1. Going through 152, 85 one at a time, which residue ends up being in a loop (DSSP other than H, G, I, E, B), out of contact with any strand residue (DSSP E or B) (no Cβ under 8 Å at 6 or more places or on another chain) and either surrounded by fewer than 16 Cβ atoms within 10 Å (Cβ to Cβ) or in the same structural domain as residue 309 (by TED's automatic domain parsing) (or both)?
2. Within segment 68-80, is there a residue that is assigned by TED's automatic domain parsing to the domain that holds residue 134, touching a residue at least 60 places away in the same chain (Cβ under 8 Å), assigned to a loop (DSSP other than H, G, I, E, B) and surrounded by 17 or more Cβ atoms within 10 Å (Cβ to Cβ)?
3. Looking at (1) touching a helix residue (DSSP H, G or I) at 6+ places or on another chain (Cβ under 8 Å); (2) closer than 30 Å to residue 256 by Cα; (3) in contact (Cβ under 8 Å) with a residue 12 or more places away in the chain, which one does residue 34 not meet, given that it meets all the others?
4. If I ask for residues that are assigned to a loop (DSSP other than H, G, I, E, B) and buried (at least 19 other Cβ atoms within 10 Å of the Cβ), which ones from segment 313-332 would you list?
5. Consider residue 54 against the criteria (1) assigned by TED's automatic domain parsing to the domain that holds residue 224; (2) touching a helix residue (DSSP H, G or I) at 6+ places or on another chain (Cβ under 8 Å); (3) touching a residue at least 12 places away in the same chain (Cβ under 8 Å): it satisfies all of them except one. Which criterion is unmet?
6. With the requirement that a residue be closer than 17 Å to residue 98 by Cβ and in contact (Cβ under 8 Å) with a residue 12 or more places away in the chain, what does segment 120-135 give you?
7. If residue 195 meets every condition in (1) in contact with a strand residue (DSSP E or B) (Cβ under 8 Å, 6 or more places away or on another chain); (2) farther than 19 Å from residue 247 by Cα; (3) in contact (Cβ under 8 Å) with a residue 24 or more places away in the chain apart from one, which number is that one?
């Protein structure tokens, strides 16, 4: 038999840690606090709006950049929350989740041998997109426990080949948030350059203890060079809908749409109609901070008698736990041990670090029902 041979474009990419941990968690019927999605239902009113749109006949292709009513609602939401205006016609595009928005922005601008600065630990969709487009990821590794950016070290990474910088705030997996001072330093560093900023803001409406999400669009020079990517799936507990958006200045968005139209062309039409109607009530996203802070507080308060160390998450629905007081095992080995022996699943942070550096830290998702969190806390406090 003849076997065709092909050279892989992603030779070093293996099965993701999410798949590995997810499969193991299902095999051992573990309490799953690993992957970042809720185990509770979304608002029934949102489901009704989708059904209404379907029954009203909105079942054919939507416009390529998205249903205009939704693009208007997105622009209005950003103006209300950040006092910055994106034109719904030329600067706002509806996407198949934030991952597609990120992939499209990278594909539109990164050429062979262009460098892209990635701040680690980082979500795992950035680097494959860079590599597929011939780019070179350049890493800035953050350190426990605070995961603060050393802006002098960041500045030294910039070269004549730097095409793009990727930031993520609120940050997955650490739960940290970039401050106003961080954003001002980033703006000053990038100001004399032509570098594009890709700002992953999928947890934009999940911030705790009165902290403010510092969107890139709050800073004029950053806004002029930024793609901002966001996710309705994360915001409204409907990750399976794969609905997100991207906003950018018209000159950047023009190139983005050239790729978008051939990657997906358009996004699910009835869901877009429903989301446009749902966004009319700003409480649907402004109340999210309190909703998730209650879950975060339940989780971290319940850990007070445990042997884990932690700094309370500032945003997202993830909490890091340091297990250095418990074992010297590597984090992937310990995560698998907890699934097999204790029936609780988490994500090892080494998967997000440069060269899989082990910091003895696991990521737990608290976007779960109260009873799930209470069961998890019982297990964690027994260790």
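1. Exactly one residue qualifies, and that residue is 85.
2. So far as segment 68-80 goes, no, none of its residues is assigned by TED's automatic domain parsing to the domain that holds residue 134, touching a residue at least 60 places away in the same chain (Cβ under 8 Å), assigned to a loop (DSSP other than H, G, I, E, B) and surrounded by 17 or more Cβ atoms within 10 Å (Cβ to Cβ).
3. All conditions are met except number (2).
4. 313, 314, 316, 317, 323, listed by residue number.
5. Evaluating residue 54 over (1) assigned by TED's automatic domain parsing to the domain that holds residue 224; (2) touching a helix residue (DSSP H, G or I) at 6+ places or on another chain (Cβ under 8 Å); (3) touching a residue at least 12 places away in the same chain (Cβ under 8 Å) leaves (1) as the failure.
6. Scanning segment 120-135 gives 122, 123, 124, 125, 126, 128, 129, 130.
7. Exception for residue 195: condition (2).
Residues are listed down the side, and each one gets a yes or a no for (1) surrounded by 11 or more Cβ atoms within 10 Å (Cβ to Cβ); (2) assigned to a helix (DSSP H, G or I):
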position	(1), (2)
13	yes, no
25	yes, yes
29	no, no
34	yes, no
39	yes, no
46	yes, yes
51	yes, yes
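The values are calculated or read from the model by the stated rules, or taken from the named source; none is laboratory data. Computed from a predicted model, the values in this text were never measured in an experiment. Virtual Cβ from ideal backbone geometry, glycine too; neighbours counted across all protein chains shown.
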